[in-house]
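Worksheet: the structure to be examined is printed underneath.
What follows is calculated from the coordinates using simple rules that are stated; it is not laboratory data. Given the structure is predicted, the values throughout are model-derived calculations rather than measurements. So basically every Cβ, Gly included, is an ideal-geometry build from the backbone, and we count neighbours across all protein chains shown.
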2 protein chains.
Amino acid sequence: MGINERREREKEAVRTKILDAARALFASDGYEAVTMRRIARAVEYSPTALYLHFKDKESLIRDLCMTDFQFLARAFQKIAKEKDPLERLRKIGRAYVDFASEHPNHYRLMFMTPPLNAAEIKTEAMSEIHGNPEEDAYAFLRGTIAQAIAEGRLRPELKDPDLVAQAAWSGTHGVVSLHIAKGSDPWIEWRSVKKTAALIVDALIRGISRASDADGGGEKQERES
Amino acid sequence: MGINERREREKEAVRTKILDAARALFASDGYEAVTMRRIARAVEYSPTALYLHFKDKESLIRDLCMTDFQFLARAFQKIAKEKDPLERLRKIGRAYVDFASEHPNHYRLMFMTPPLNAAEIKTEAMSEIHGNPEEDAYAFLRGTIAQAIAEGRLRPELKDPDLVAQAAWSGTHGVVSLHIAKGSDPWIEWRSVKKTAALIVDALIRGISRASDADGGGEKQERES
DNA sequence: TTCCTATACTTAACAGCGTTAACCAACGTA
DNA sequence: TACGTTGGTTAACGCTGTTAAGTATAGGAA
């Protein structure tokens, strides 16, 4: 009965082939270049063939994102060995900024574009990932904050790990998304993403740390154009 | 010879009529509802008539934005009377978040959507606005930071007003843009924009303030769902 | 008054988009 | 050998931004 399995394998193969083509289009030609017809041309199928593998463009894109989210989560995993939660927080910030700088088109898709169907669907594939710090980048960040709170490293009024995690996330997201959206605006003398991100991460960590802790960290001054 | 002037007035009238219709569409039906044909239907002209008044959709949209930028700058003007730069900074943050919360569709257009023509054109109308704190919101923010630096309120290593201004901007932008783009993601237990923004603004101000100044501010704890 | 030209506008059309309906050919099964 | 399932196709619909070509009208000149 390996015959059905073989078919499923083949189907899965063209599925990932489609996803890879879409990803390549994103990376090379940017967001608006990714159309169903161009993806189809890239994989040498008719445009309608894509609909045998994905319900519509929206869900194709969402599938694309999901693997990218896991990619980011895996990047975070390399930081997991850092014991000190505040230092880990700083490294998370750096890894996040690196990811966004290296994959701006993916970043835009993942974090700057509201889903077309305002109410998103909870697929089962996602519920496995969700909450698991090894595959869910937000959970990893949240866990780091929770540890900092548990160890009494944060100011006493900061007791909600979600709130603090979202604030921290917002900091780095703000820097990178502003650059992606407005970085070509000639009216502003932009400073580099790296520098701005370093400043905001340092200031934020100082700002949420308990007084006795607030002087540490952020010591090394990076230089750049 | 008032005849040409009258014509020009009439032309200007339908021009603003078009812009108003587009703005209304944005506000009521959101970003992707704004199409040339729908604008045209709203003003009771043929779709192609819009091209007599705007080069293309891109520049129509940009014109729309420009008046919105000025609207934001005027909102900031109400804060100008606040003398203390750090307190003014806090109020800027609040006003910014309020603006974004009240006009999410405009916000998305203004700050979350990269321009189609990567290289933006410097129109003369813009060069009048640029740098003038009364019409340029960024200039107003930058000026506030510069004052704080001049008065010795910031940590000594923070000497570049653009860098600090961009970091501060990124903080609030991060919060609101994350909510606009991902606020309907059911996997995250979102905290309110207001609360998150208050936290990040307070923490940031604490984090960039000179040590002697860092304990002040951020005293009142707002409550909400 | 009559002709002419510039101007504001329209209709028709093009190419590309996401998506659906109808059709077709090949394969595994009975 | 006949049959239904499966993976693919072509044709088409209604939408998008935009251009080309045509039309009516208003103002100036004869």
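Of all the residues in region A:64-104, those that are within 16 Å of DNA strand C (Cβ to nearest atom) and either surrounded by fewer than 19 Cβ atoms within 10 Å (Cβ to Cβ) or over 18 Å from the mean Cα position of the chain (by Cα) (or both) number 1.
For region B:13-28, taking the residues that are near DNA strand C (Cβ under 10 Å from one of its atoms) and surrounded by fewer than 19 Cβ atoms within 10 Å (Cβ to Cβ), the one that is nearest to B:Ala42 (Cα to Cα) is identified as B:Lys17.
Going by the conditions given, is A:Lys81 away from chain B (no Cβ under 14 Å), in a loop (DSSP other than H, G, I, E, B) and away from DNA strand D (no atom under 16 Å from the Cβ)?
Numbers: away from chain B (no Cβ under 14 Å): yes; in a loop (DSSP other than H, G, I, E, B): yes; away from DNA strand D (no atom under 16 Å from the Cβ): yes.
For A:Lys81, the condition - away from chain B (no Cβ under 14 Å), in a loop (DSSP other than H, G, I, E, B) and away from DNA strand D (no atom under 16 Å from the Cβ) - is met.
A Cβ distance below 7 Å, combined with a sequence gap of six or more or placement on separate chains, defines the contacts here; from region A:147-169, residues that are free of Cβ contacts under 8 Å to residues at least 60 places away in the same chain and farther than 16 Å from A:Pro133 by Cβ reach residues that are among the charged types (D, E, K, R) and part of a helix (DSSP H, G or I) in the pairs A:Leu163/B:Lys195.
Take the conditions (1) part of a helix (DSSP H, G or I); (2) within 16 Å of DNA strand D (Cβ to nearest atom); (3) of a type outside the set (D, E, K, R); (4) more than 25 Å from B:Glu32 (Cβ to Cβ); A:Leu50 misses just one of them, which is (4).
State whether one or more residues within region A:18-41 are more than 16 Å from DNA strand D (Cβ to nearest atom) and not in a helix (DSSP H, G or I). Yes, that holds for at least one residue.
When A:Val14, A:Val34 are checked against the criterion of being in contact with a Phe, Trp or Tyr (Cβ under 7 Å, 6 or more places away or on another chain) and farther than 21 Å from A:Lys194 by Cα, A:Val34 stands alone in meeting it. Residues in region B:54-74 that are touching a residue at least 40 places away in the same chain (Cβ under 8 Å) and more than 22 Å from B:His173 (Cβ to Cβ): B:Glu58, B:Leu60, B:Asp63. Of the numbered conditions (1) facing chain A (nearest Cβ under 9 Å); (2) within 14 Å of the chain's Cα centre (by Cα); (3) not β-branched (Val, Ile, Thr), B:Glu189 satisfies every one except a single condition; which is it? Exception for B:Glu189: condition (2).
Okay, residues lined up against (1) closer than 21 Å to A:Ala22 by Cα; (2) facing chain B (nearest Cβ under 10 Å); (3) not basic (Lys, Arg):
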| position | (1), (2), (3) |
| --- | --- |
| A:Met110 | yes, yes, yes |
| A:Leu116 | yes, yes, yes |
| A:Ala137 | no, no, yes |
| A:Leu141 | no, no, yes |
| A:Gln147 | no, no, yes |
| A:Gly152 | no, no, yes |
| A:Asp160 | no, yes, yes |
